[in-house]
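Colleague: Sharing a structure with you now.
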Amino acid sequence: MFKKILIANRGEIALRILRACRELGIKTVAIHSDADEAAMHVRMSDESICVGPASAQSSYLNIPAIITSATMSNVDAIHPGYGFLSENKRFAEIIEEHNIKFIGPSSEHIGMMGNKILAKKIMIDNGVPVVPGIDKVNDENEIKSFIKKVELPVIIKASSGGGGKGMRVVYKEEDLQESIAAAKVESKKSFNDDTVYIEKFLTKPKHIEIQILSDSHGNVVTLGERDCSIQRKHQKLIEESPSNLLTSEQRKEISSLCQKAIKTIGYEGAGTIEFLFENGKFYFMEMNTRLQVEHPVTEMVTGIDLVREQIEIANGKKLSIKQEDINLKGHSIECRINAEHPENFIPSPGTITQYHQPGGLGIRVDSAVYQGYSIPSHYDSMIGKLITYADNRSECISKMKRALEEYVIMGINTNIQLHQKIIKSKEFISGKYDINFLSKFLQFK
Ligand code: MV4
């Protein structure tokens, strides 16, 4: 087994990885910025190294400083967490070149899925359903006949995109060329690549994603789905597993298609296959090649420690879990706790003057904050995740209600009150919400 791992991240996910390392008897090296000297991930690690000034660009994204830290501290592997460098092909490549194990897929697989047109082609070739679309945007006649077939609206997406950048929805045929041009400019600016493609725009889909684990020996398991439809400006707010709108047949069918595709491409590690789900049908959107923020809800309903599995897979171990042993049991919901105003969403850095986190059966808090901690202004506003688990969905919601009431965070604004309102809404309680729910809810509340 690895003796020492460098954690190239901060906040709750750095702690999550650190905890898995402890349980496996692996030493940890934390990296941090000037602004994170007092951060919990630094305090809890075996060693820590300052990699640069406060800005993410000069610290958590500073590849030379991170590689130097890894070499100097003699680690066997690097875990990138999520965000920052976790889906950076070049970072994975450089780590590979230094004979350090990147805990994640190969740089080739990161690059493959980073190219959304290529990712879609691979899924089509493997029988995974995708949104109808075309990847040539310079032939106006071809686009016109595509629109005739699928009908407006259509959406233009950046091939290097993700998270909504470089996207344009087209409702009228006369707006087409202008929208393509605008999407190209934005995409060039954001990703230095102006390749775009067109898809039929689904107006009321859910965002449902399938978690997979794949070892280096060709064994692939799927771990059910997460419904991540409650989001604002492409930031997820609440996620749950399973989705009460999926039948076990639908789950089995999409899972086995994902399993087959992942097996064929020889992918290694944890991964998530994202779908839009509308009128009972799945449409592949993109694949994430990292551990995701919302992984705990899958852990709760499967009983599988995803970070432990990632580390063991990276170490060359065969998956010990068989598909037939994976049974989704009970229900889990995650609320992302952000340091931001609950109504205007303005970030709220500052010192936490009082802190009490909820506890009890079926409550999990993944957070790196503590009483007296000062939230720096330089990074993401997510300061923790409140996860509840119960036998069924309605008990899980009751538990979440209770846990949110118990949570005390003073000195800063948080979105706890917003969560309380959402989980009381009839749309959330029914489970029949789609990706448009939150913006409508915020408008009419
Ligand atoms: C779509 C779509 C509707 N139809 N594609 C948003 C981010 C990027 N990953 C893809 N996105 C979308 N693609 C088609 N063909 C709607 C969205 C979308 C969305 C998807 C999931 C969760 C939230 C969303 C919010 C706005 C738009």
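The values are calculated or read from the model by the stated rules, or taken from the named source; none is laboratory data. Small disclaimer: the values here were computed from a predicted structure and weren't measured. So basically every Cβ, Gly included, is an ideal-geometry build from the backbone, and we count neighbours across all protein chains shown.
Colleague: Scan segment 166-201 for residues that are touching a Phe, Trp or Tyr at 6+ places or on another chain (Cβ under 9 Å) and modelled with pLDDT of 95 or more and report the count.
Modeller: Total satisfying the criteria: 7.
Colleague: How about segment 187-207: which of its residues are surrounded by fewer than 19 Cβ atoms within 10 Å (Cβ to Cβ) and assigned to a helix (DSSP H, G or I)?
Modeller: Lys188, Lys189, Ser190, Phe191
Colleague: Among the residues of segment 229-253, write down those that are hydrophobic (A, V, I, L, M, F, W, C), within 15 Å of Asn279 (Cα to Cα) and either within 16 Å of the ligand (Cβ to nearest atom) or assigned to a strand (DSSP E or B) (or both).
Modeller: Within segment 229-253, just Leu245 meets the criteria.
Colleague: Right, something else. When you look at Ile143, is it β-branched (Val, Ile, Thr) and part of a helix (DSSP H, G or I), yes or no?
Modeller: Yes: the conditions hold for Ile143.
Colleague: Quick check on segment 86-106. Is at least one of its residues touching a Gly at 6+ places or on another chain (Cβ under 8 Å) and of a type in the set (Asp, Glu)?
Modeller: Yes, segment 86-106 contains at least one residue that is touching a Gly at 6+ places or on another chain (Cβ under 8 Å) and of a type in the set (Asp, Glu).
Colleague: List pairs: first in segment 417-445 and of a type in the set (Lys, Arg), second assigned to a helix (DSSP H, G or I) and at pLDDT 95 or above, Cβ under 7 Å, 6+ apart or cross-chain?
Modeller: Sorted first by the residue in segment 417-445, then by its partner, the pairs are Lys445/Lys421.
Colleague: Also: Of all residues in segment 147-167, how many are among the small types (Gly, Ala, Ser) and more than 8 Å from the ligand (Cβ to nearest atom)?
Modeller: Matching residues across segment 147-167 total 4.
Colleague: Which one of Arg16, Arg22 is assigned to a helix (DSSP H, G or I), of a type in the set (D, E, K, R), in contact with a helix residue (DSSP H, G or I) (Cβ under 7 Å, 6 or more places away or on another chain) and closer than 19 Å to Asp305 by Cα?
Modeller: Just one listed residue meets the conditions, Arg16.
Colleague: What are the pairs with Cβ atoms under 6 angstrom where one residue, in segment 152-173, is on the phi > 0 side of the Ramachandran plot and the other, located anywhere, is near the ligand (Cβ under 8 Å from one of its atoms)? Sequence gap at least six, or different chains.
Modeller: Between residues of segment 152-173 that are on the phi > 0 side of the Ramachandran plot and residues that are near the ligand (Cβ under 8 Å from one of its atoms), the close pairs are Gly163/His234; Gly164/His234.
Colleague: Consider Tyr82 carefully, then state whether it is modelled with pLDDT of 95 or more, part of a loop (DSSP other than H, G, I, E, B), among the hydroxyl-bearing types (Ser, Thr, Tyr) and within 16 Å of the ligand (Cβ to nearest atom). Show your work before the answer.
Modeller: Working: modelled with pLDDT of 95 or more: yes; part of a loop (DSSP other than H, G, I, E, B): yes; among the hydroxyl-bearing types (Ser, Thr, Tyr): yes; within 16 Å of the ligand (Cβ to nearest atom): yes.
Taking the combined requirement at face value, the residue satisfies it.
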